[in-house]
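The values are calculated or read from the model by the stated rules, or taken from the named source; none is laboratory data. From a predicted model like this one, the values you see are computed outputs, not experimental measurements. So basically every Cβ, Gly included, is an ideal-geometry build from the backbone, and we count neighbours across all protein chains shown.
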Amino acid sequence: MNEVLCKEAKTKEAKTNGNVAEFTREKVTFSPLVDIWEDQQEIVLIADMPGVDEHHLDIEFENRQLTIQGRVEKRHPELTFLGGEYETGDFHRTFAIGDAIDVARISAELKNGVLTVHLPKVEAVKPRKIPIKTE
Amino acid sequence: MLTRWQPFPNWANELNRVHKELNRMFERQNEQGGWKAFPPMNIWQDDNQLVIEAELPGMAMEDLEILIDGENRLTLKGQRQQKQMESGTWHRRERIHGEFRRSIDLPSVIDADRVEATLKHGLLTIVMPKRDEVKPRKIEVRG
């Protein structure tokens, strides 16, 4: 997976503070900050999704596109908002994955608001050392 | 960084000041395209309490220190670890990591003994009960 193979499907939205925010419905949607790592066996995506629990999280992999989506409830509606430095909203981000992924073995975990998705590569794309026979 | 608020004689004025201060800070951060202070915080209140919230995904309570000095100065200290891998390649590293320390002056006097902090789903919530003397009081009007 190089830069070309792992580019995001959507990059049109304006960026603020590294977060892509766009309006869908009546709420603001944010692009979560991610780390992406790869070795010969798998691609690992780590996304910050504070406030999201497992019941409000959706992960889809289709047509080589990985979409992560998290819903966030409005917090402290019973209190008066005095002011703040960040906005809250749902999280949404899509990635185009170039390598062939073994879809059946994709796994994900969510811990302390951090989502980790493991995308194992199919055997065929793993680099294989070719033995050379000599006589 | 939040600047220190000077004590203000008038309660309504002080509230306006909090608003202005936070707005100013927000604008300044947007102009420069990055956070000046980590973590960013949101503040709510009602008559009895102040509630501060900060997004700290991936952190556990043991990575975090919350201090209250005097009656209204709150300090957050901590360290966010970056995951290390022995082999392989990182394609993106957008998530913020490193040590941070941030102090803010709260817009109200609080009861430090009854402050409660929870960390859930990467969300730090600090509930700070106001001291009785700053709570609004209903004045009985005698006819």
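Of the residues that sit in region A:42-74 and are more than 7 Å from chain B (Cβ to nearest Cβ) and closer than 17 Å to B:Thr125 by Cα, which one is modelled with the highest pLDDT? My answer is A:Val72. All of (1) at pLDDT 85 or above; (2) loosely packed, with under 14 Cβ neighbours inside 10 Å hold for B:Lys36 with one exception: (1). Each residue in region B:86-143 was checked for being of a type in the set (Lys, Arg) and either buried (at least 17 other Cβ atoms within 10 Å of the Cβ) or not in a strand (DSSP E or B) (or both), and 9 of them qualify.
Where residues in region B:45-54 are facing chain A (nearest Cβ under 7 Å) and modelled with pLDDT under 95, which of them is farthest from B:Arg80 (Cα to Cα)? Looking at the filtered set, the residue picked out is B:Asp46.
Of all residues in region B:109-138, those that are over 20 Å from A:Glu78 (Cα atoms) have Cβ atoms under 7 Å from Cβ atoms of residues that are surrounded by fewer than 17 Cβ atoms within 10 Å (Cβ to Cβ) and of a type in the set (Lys, Arg), 6 or more apart or on another chain, in B:Val109/B:Arg131; B:Asp111/B:Arg131. Applying a threshold of 9 Å to beta carbon distances and a minimum spacing of six or more residues, or different chains, the list of pairs starting in region A:96-122 at a residue that is of a type in the set (Lys, Arg) and ending at one that is part of a strand (DSSP E or B) reads A:Arg105/A:Glu42; A:Arg105/A:His118; A:Arg105/A:Leu119; A:Arg105/A:Pro120; A:Lys121/A:Glu38; A:Lys121/A:Glu42; A:Lys121/A:Ile43; A:Lys121/A:Ile101. Of all the criteria given as (1) modelled with pLDDT of 95 or more; (2) more than 10 Å from chain A (Cβ to nearest Cβ), the one not satisfied by B:Ile68 is (1). Criterion first (more than 9 Å from chain B (Cβ to nearest Cβ) and either surrounded by fewer than 16 Cβ atoms within 10 Å (Cβ to Cβ) or modelled with pLDDT of 95 or more (or both)) does A:Glu78 satisfy it? In short, no.
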